[in-house]
Amino acid sequence: MAKKDKDYIKALQASREQTEAYYRKSLVKTEQQKFLEQLLLKTKTEFQNIADIACGGGTLSFHLREIYPGAKFTLCDFNEEALTIAKTLHGDKAEYVHGSIYELPFENEKFDLVCCWQTLSWLDEPEKALNELLRITKKGGRIYASSLFNLRHDVDIFAKMYDHTRPASELGFSYNTYSAKSVNKWLAGKAVAHRLHEFIPEIDFHYDGRGIGTFTVKTENSRLQISAGYLMNWAVLEIEK
């Protein structure tokens, strides 16, 4: 295991209580999860074999099981403690696999739906991760990845954040924003089609803490999402393979 990967696990485990609270809060369906469901229902597809990559505590799949009760779910995460939490939600209704998003332990073209939620922004090598998501997706299948995307400017932002309200703050973590131009380059010749769906919440988000935590600021026609002074340009990348 590379040092940066060890540091990532160390950071999650050092902030164990906050990490678990973050996983658990999505038991109440988030606005982004509702947005994903809208996108999925538009496909009018009954997905049968679903992978939740970098699944965290498994809450995304927890809600997807309501839409696809007959599907087989596979949850994968690099943090084994996250998988332990996921098992408390899903029990024997899912398969649990420990693995890195850069080297997923699955055969080629295994899943017809692959979800990777709020993860790409944290990665130093997002293109490598996307290649793995593509590899494990069947031809004709779909990938949905929630991340920070810059849709209005051809600029990538690779940021390092240190949250001094958390025990592991000295390690820092990536919080990157990728341009549509880069996404187009990464996916050129690898997929039938792809789209970036901008996520703008329909309700206000409130956060009064000092550390990382998203809140909204109303504009004339929209809402800006901000966390620790950093603009959160959330969007969902949809890929048809």
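The values are calculated or read from the model by the stated rules, or taken from the named source; none is laboratory data. Quick caveat: nothing in here was measured; it's all calculated off a predicted structure. Note that we place each Cβ from the backbone using ideal geometry, even for glycine, and neighbour counts take in every protein chain shown. Each accessible area value is taken on the protein alone, full model and side chains, heavy atoms only, with ligands, DNA and RNA left out. Shrake-Rupley method; radii C 1.70, N 1.55, O 1.52, S 1.80 Å.
Could you say whether any residue in segment 56-79 is over 20 Å from Q33 (Cβ atoms), in a loop (DSSP other than H, G, I, E, B) and either touching a strand residue (DSSP E or B) at 6+ places or on another chain (Cβ under 6 Å) or of a type in the set (D, E) (or both)?
Yes, there is a match, as at least one residue in segment 56-79 is over 20 Å from Q33 (Cβ atoms), in a loop (DSSP other than H, G, I, E, B) and either touching a strand residue (DSSP E or B) at 6+ places or on another chain (Cβ under 6 Å) or of a type in the set (D, E) (or both).
Kindly establish whether E81 is charged (D, E, K, R), free of Cβ contacts under 8 Å to residues at least 40 places away in the same chain and surrounded by fewer than 18 Cβ atoms within 10 Å (Cβ to Cβ).
No: the conditions fail for E81.
Just the residues that are open to solvent by 50 Å² or more (accessible area, probe 1.4 Å) and either touching a residue at least 12 places away in the same chain (Cβ under 8 Å) or in contact with an Asp or Glu (Cβ under 8 Å, 6 or more places away or on another chain) (or both), please, taken from segment 36-54.
Residues satisfying the conditions are L41, T45, E46, Q48.
So which of T219, T214 is free of Cβ contacts under 8 Å to residues at least 12 places away in the same chain, open to solvent by 30 Å² or more (accessible area, probe 1.4 Å), out of contact with any Asp or Glu (no Cβ under 8 Å at 6 or more places or on another chain) and among the hydroxyl-bearing types (S, T, Y)?
Being free of Cβ contacts under 8 Å to residues at least 12 places away in the same chain, open to solvent by 30 Å² or more (accessible area, probe 1.4 Å), out of contact with any Asp or Glu (no Cβ under 8 Å at 6 or more places or on another chain) and among the hydroxyl-bearing types (S, T, Y) holds for just one of T219, T214, which is T219.
Being in a helix (DSSP H, G or I) and touching a strand residue (DSSP E or B) at 6+ places or on another chain (Cβ under 9 Å) is the requirement here; does L133 meet it?
yes
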